[in-house]
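Note sheet for the following structure.
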Protein chains: 2
Amino acid sequence: MLTPYEIIKKKRDGGELTREEIFFIIDSFTKGEIPDYQMAAFLMAVYFRKLNDLETALLTQAMQASGKSMDLSSVPGPTVDKHSTGGVGDKVSLPLAPLVAACGGFVPMMSGRGLGHTGGTLDKLESIPGFRVNLSNGEFVSAVREVGCAIIGQTADVAPADKKLYALRDVTATVDSMDLIAASILSKKLAAGPKSLLLDVKTGSGAFMRELDDSRALARLMVAICRNSDRNARALITNMDQPLGEAAGNANEVEESLSVLRGEGPEDLTTLVVESGARMLEMAGLVKNLDQGRARIRNAITSGAGLDRFRKMLERQGGDPRVVDDPTLLPQAAHRWEETADRSGTLLSIDTTAAGMAVVVLGGGRQKSTDDVDHAVGVRFLKKPGDAVEKGEPVFLIDYNDEERLADCRARLEKAIVIGDGEPRRLPLILEEID
Amino acid sequence: MLTPYEIIKKKRDGGELTREEIFFIIDSFTKGEIPDYQMAAFLMAVYFRKLNDLETALLTQAMQASGKSMDLSSVPGPTVDKHSTGGVGDKVSLPLAPLVAACGGFVPMMSGRGLGHTGGTLDKLESIPGFRVNLSNGEFVSAVREVGCAIIGQTADVAPADKKLYALRDVTATVDSMDLIAASILSKKLAAGPKSLLLDVKTGSGAFMRELDDSRALARLMVAICRNSDRNARALITNMDQPLGEAAGNANEVEESLSVLRGEGPEDLTTLVVESGARMLEMAGLVKNLDQGRARIRNAITSGAGLDRFRKMLERQGGDPRVVDDPTLLPQAAHRWEETADRSGTLLSIDTTAAGMAVVVLGGGRQKSTDDVDHAVGVRFLKKPGDAVEKGEPVFLIDYNDEERLADCRARLEKAIVIGDGEPRRLPLILEEID
């Protein structure tokens with residue numbers, strides 16, 4: 001008979017846990033049969049001894065199996081999703097899901113809210129009047145089947161083990177374990193049911209993993225988990241050393257997403273959408289190679305098919321579809337502040353975590369989980385590292401509703417940005433690909 | 001303000017905890033203000049990151065401070081105690097405490113019960129009809145003051161943090177941490193109040209630390225804890241590769257202790273008593289050097305002063321003092337079995353843990369903490385490693401009350417002992433001294 005004590009001790013001593021042991025400890029913990037103190041000791045042992053790829057995949061599967069998974073068998077085509085580890089201005093999911101759907105993929109996307117300095121897809125979508133992120137499992141599956149994509153929050157019955165584990169990790173200093181992070185993310189992504197998953201692992205000053213080595217390790221691990229769980233997976237390691245696109249906030253990110261769908265988006269954001277979409281189509285078997293994939297996605301932009309699919313998604317999820325043609329229907333801030341350069345030179349760097357926090361304090365994110373988000377406020381980054389800046393030239397625009405918050409936001413942005421002489425560090429948009 | 005989260009994280013990341021942090025976490029845990037799950041994570045972090053000497057001393061002091069300590073200020077002379085890490089046949093405390101008392105030392109000894117394969121001083125003393133190990137704090141202090149020595153169990157108000165921590169360690173696989181072991185032992189020993197402490201750290205097949213390196217590390221650590229806690233301390237690393245003396249059990253160990261006090265004890269046991277006593281007298285400042293100390297202890301044997309002090313200790317603690325002159329008043333087993341050698345040769349080794357378990361299954365120890373001990377049963381080891389053995393010659397005597405238990409005991413002893421040709425490994429009685 002398995003005992004929690006022996007499983008803790010085995011991991012403490014560096015042993016490899018079996019499928020049976022991992023499912024036992026997660027299942028018993030979810031049911032309340034293993035006390036928190038034993039699980040806390042287990043988690044700390046995992047923190048030190050780590051899990052190998054197979055153990056991490058089994059942990060992910062056990063956490064997924066603790067709740068319900070979506071049954072996508074009624075969906076008449078290949079299912080494919082994307083997950084980003086998060087950053088500032090990362091609104092890729094908003095144009096990407098409808099573009100892939102317009103190309104024949106089915107995108108069952110379960111997303112999250114803003115966390116720390118990063119924005120959240122759900123918060124952005126909720127700036128669209130009426131948009132519902134809390135579909136039932138049945139509504140979600142039928143939306144994916146009939147629209148081709150849906151973006152919702154985690155439903156209550158998905159991966160309850162993850163919720164319980166996360167709460168315990170949060171108070172026992174066992175959050176920052178890469179294995180536990182990967183298992184937590186993927187237990188929910190796998191429960192949403194896609195056959196293929198593209199992982200966008202951010203790196204740089206605005207990413208949770210700032211160093212390329214760490215980002216690469218997380219990307220490799222997540223790809224391994226997916227494959228050990230019978231999913232296609234591929235990872236891109238992408239630049240979060242600066243905001244993605246120009247807009248960071250909520251309504252302004254929806255607006256920028258619409259500009260991508262109209263073929264008028266910022267180049268970095270549009271490129272990442274096209275490159276991500278091409279890989280999703282290839283994994284889904286809808287194109288023979290990446291060049292075909294890129295062409296299909298670009299075509300769905302040019303033809304307006306992506307924009308049309310976005311409109312259908314809004315209709316299906318209760319959002320006001322008129323925002324597609326008239327973004328002024330999105331929440332608008334009362335005031336705009338134009339921040340100008342106090343010297344001429346080159347923009348050398350943006351501390352992107354600090355820039356994200358500047359948006360949070362403006363009201364665009366949450367400092368506590370109970371805070372309300374002001375969807376109307378946000379920052380537009382007019383200059384990126386490497387750009388020449390003239391003294392007096394605008395560097396950002398800040399849409400705000402509150403003078404005190406503006407002052408805090410400005411102070412943070414001023415510190416976050418370095419203008420000077422010399423050469424900036426410039427990461428390519430896509431640093432590496434793991435497949 | 002200190003938070004448990006930050007203390008867990010600091011230790012997880014290899015930081016050195018301050019006095020304030022250690023006292024905070026132990027004090028809050030004892031009061032129930034820190035939940036078990038945070039303490040479990042902390043203990044596992046300690047298991048991996050370890051504590052340095054000062055942190056371990058502070059932990060020991062915090063655990064001691066969680067309860068009451070004996071006030072020995074009324075004792076009219078130097079206080080000195082001895083602690084052994086335990087083994088088979090280790091009855092040193094029984095003759096040692098009265099001998100040191102007879103030489104002018106005051107010995108406030110708080111002892112334990114048998115654990116695993118090892119015997120316990122309290123169990124041995126309880127084979128003396130009427131002997132009480134549960135004195136109140138006041139009775140204990142006055143017994144030490146007036147008799148010169150007392151041997152009791154841990155009182156309820158000593159180191160409650162240790163009891164609570166041990167229960168948690170027991171179910172979270174955090175028992176076998178040398179730092180936590182040392183702090184647990186010494187929190188209780190220091191609470192008993194002696195100014196000087198001799199540590200007898202066993203090594204070999206019957207010790208908890210079988211390897212000399214581990215025994216040495218534990219000895220060094222315990223000496224460091226005592227010194228960081230303002231006590232004199234010294235450690236001996238001694239041989240537990242074979243039972244100490246001949247007798248292992250309870251009543252038979254009391255009888256052998258009396259033989260030491262009469263100057264008729266086995267040589268190894270007598271030597272360890274003399275060497276231990278000499279060091280205790282030296283630490284207590286009662287003699288100028290070890291040779292003087294040895295002479296004083298031997299003189300207390302020859303003069304009968306030690307035996308007399310033992311009798312006084314029995315009288316004070318409710319034991320029948322007549323056993324001193326008539327050991328047949330101790331519990332006697334119904335039967336004796338004489339185990340003979342099935343071949344001639346040299347006794348090469350005794351697996352002393354297995355030999356200890358053979359005494360436990362006979363009824364001389366506990367397999368579960370709720371088991372009763374049969375004080376009358378025991379084993380007498382007639383041969384030691386290096387001794388020549390003739391086929392048919394007796395190797396042990398087994399005093400028993402139950403045929404089934406005898407069979408189990410014999411089977412274990414047969415496996416534990418190797419008779420053959422060649423040279424045995426023979427450890428010296430005292431391997432090293434740390435002072």
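Just so it is clear, none of the values below were taken in a lab; they were calculated from the coordinates. None of the values given here were measured: they were computed from a predicted structure. Cβ: placed from backbone, ideal geometry, glycine included. Neighbour counts: every protein chain shown.
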* Positive-end residue of A:LEU122, A:ALA411, A:HIS375, charge dipole of chain A with Cβ unit charges -> A:LEU122
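Would you mind estimating how fast region B:300-361 diffuses translationally, via Stokes-Einstein at 37 °C and 0.692 mPa s with the Kirkwood radius over Cα pairs, in µm²/s? Mind showing how you got there, number by number?
Values: Rh = 15.7 Å.
For these conditions, the coefficient is 209 µm²/s.
Under a point-charge model restricted to the Cβ atoms of Lys and Arg (+1) and Asp and Glu (-1), what is the dipole moment magnitude of chain B relative to its Cα centre, in debye to the nearest 20? If you can, show how the numbers build up before the last one.
Details: 53 positive and 64 negative charges, 222 e Å.
Result for chain B is approximately 1060 debye, rounded to the nearest 20.
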* Asked: Among A:ALA251, A:ALA45, A:ALA161, whose mean-square fluctuation peaks in a Gaussian network model of chain A (Cα, cutoff 10 Å)?
  -> A:ALA45
* Coarse-grained scattering of the protein assembly as shown at q = 0.05, 0.09 Å⁻¹, given as base-10 log I(q)/I(0) from a Debye sum over alpha-carbon atoms -> -0.44, -0.89
* To do: Just tell me how shielded B:43-55 is by partners: mean number of partner chain Cβ atoms within 10 Å of each residue's Cβ, no decimals.
  => 3
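Any number yet on Rg/Rh for region A:196-270, C-alpha, Kirkwood? If you can, show how the numbers build up before the last one.
Numbers: Rg = 14.7 Å, Rh = 13.8 Å.
In region A:196-270, Rg relative to Rh is 1.07.
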* What 222 nm value per residue comes from the helices of the protein assembly as shown, counting each DSSP H run with n ≥ 4 as -39,500 (n - 2.57) and dividing by all residues, nearest 500 deg cm²/dmol? -> -13500 deg cm²/dmol
* **Shielding of B:6-12 by partner chains, average beta-carbon count, 10 Å** => 3
* Asked: With the calculation restricted to Cα positions, what are the radius of gyration and Dmax of chain B in angstrom?
  -> 21.7, 73
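Show me B:299-312, B:228-241 ranked by packing, highest mean number of other Cβ atoms within 10 Å first.
Numbers: B:299-312: 19.8, B:228-241: 22.0.
Descending mean neighbour count gives B:228-241, B:299-312.
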* Any chance you could give the angle, 0 to 90 degrees and rounded to 10, that helix A:251-261 forms with the longest Cα principal axis of chain A? => 90
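From the C-alpha gyration tensor of region B:1-140, pull out the three semi-axes of the equivalent ellipsoid (sqrt of 5λ each), sorted largest to smallest, in whole Å. Don't skip to the answer; put the middle values down first.
On the way: eigenvalues 259, 67, 45 Å².
Those come to 36, 18, 15 Å.
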* Would you please give the residues with an amide H less than 5 Å from that of B:HIS83, counting only those at least 5 places away or on a separate chain, with H modeled from the backbone geometry? => B:LEU198, B:LEU199, B:ASP200
* Place +1 on the Cβ of every Lys and Arg and -1 on the Cβ of every Asp and Glu in chain A, take the dipole about the Cα centre, and give the residue among A:VAL254, A:VAL88, A:SER69 whose Cα lies farthest towards its positive end. => A:SER69
* Asked: Using the alpha-carbon atoms, what tilt in degrees (0 to 90, nearest 10) does helix A:93-102 show relative to the longest principal axis of chain A?
  -> 80
* Quick one: dipole size for the protein assembly as shown, taken about the Cα centre, charges +1 on Lys/Arg Cβ and -1 on Asp/Glu Cβ, in debye to the nearest 20. => 60
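Please give the net charge around A:GLY120, taking every other residue with its beta carbon less than 13 angstrom from that of A:GLY120, where Lys and Arg add +1 and Asp and Glu add -1. Numbers along the way, then the final one.
Details: positive: A:LYS91, A:ARG113, A:LYS124, A:ARG366; negative: A:ASP90, A:ASP123, A:GLU126, A:GLU253, A:ASP371.
Result for the local shell: -1.
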* To do: Starting from a label point 7 Å past Cα on the Cβ side, list the distances from B:ASN52 to the same position in the other copies, nm, shortest first.
  => 3.6
* So who's got an amide H within less than 5 Å of the one on B:CYS149, skipping anything under 5 residues away but keeping other chains? H placed 1.01 Å off N, in plane. -> B:VAL107
* Structure fact -> Given B:140-151, B:26-37, B:165-176, the highest-first ranking by average Cβ count within 10 Å works out to B:140-151, B:165-176, B:26-37
* Structure fact -> Phi angles of region A:161-166, converted by Karplus (6.51 cos²θ - 1.76 cosθ + 1.60, θ = phi - 60°) into ³J(HN,Hα) in whole Hz with x for Gly and Pro, give 4, 5, 4, 5, 5, 5
* Given 10 Å bins starting at zero, what is the percent of C-alpha pairs of region B:4-49 in each, up to the one with the largest pair distance? -> 30, 61, 9
* To do: Taking each label point as 7 Å beyond Cα in the direction of the beta carbon, state the distances from B:ASP213 to the same residue in the other copies, shortest first, in nm.
  => 2.8
* To do: Please determine, in degrees from 0 to 90 and to the nearest 10, the orientation of helix A:137-147 with respect to the longest principal axis defined by the Cα atoms of chain A, where the helix direction is its Cα long axis.
  => 50
* Calculated from backbone phi, Karplus (6.51, -1.76, 1.60) coupling profile of region A:198-204 in Hz, x at Gly/Pro -> 9, 9, 10, 9, 7, 9, x
* Structure fact -> Binned at 10 Å starting from 0, the alpha-carbon pair-distance distribution of region A:98-240 in whole percents comes out as 10, 36, 41, 13, 1
* Taking H as built 1.01 Å from N, whose amide H comes closer than 5 Å to the amide H of B:ASP387, not counting residues under 5 places away? -> B:LEU347
* Hey, what do the phi angles of region B:268-285 turn into as Karplus ³J(HN,Hα) couplings, whole Hz, using 6.51/-1.76/1.60 and θ = phi - 60°, x for Gly and Pro? -> 4, 5, 4, 4, 5, 5, 5, 5, 5, x, 4, 5, 5, 5, 5, 4, 6, x
* Asked: DSSP beta bridges in the protein assembly as shown, what fraction antiparallel, as a percent rounded to 5?
  -> 55
* Asked: How would you order B:406-417, A:321-332 from highest to lowest mean count of nearby Cβ atoms within 10 Å?
  -> B:406-417, A:321-332
* Could you pull the copy-to-copy label distances for A:GLU315, with points set 7 Å along Cα to Cβ, in nm to one decimal and sorted shortest first? => 10.6
* Structure fact -> quick note, chain B, DSSP beta bridge pairs, % antiparallel (nearest 5) is 55
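Report the per residue volume, in Å³, of the convex hull enclosing the C-alpha atoms of region B:333-420.
Numbers: hull volume 7.0 nm³, N = 88.
Convex hull volume per residue, Cα atoms: 79 Å³.
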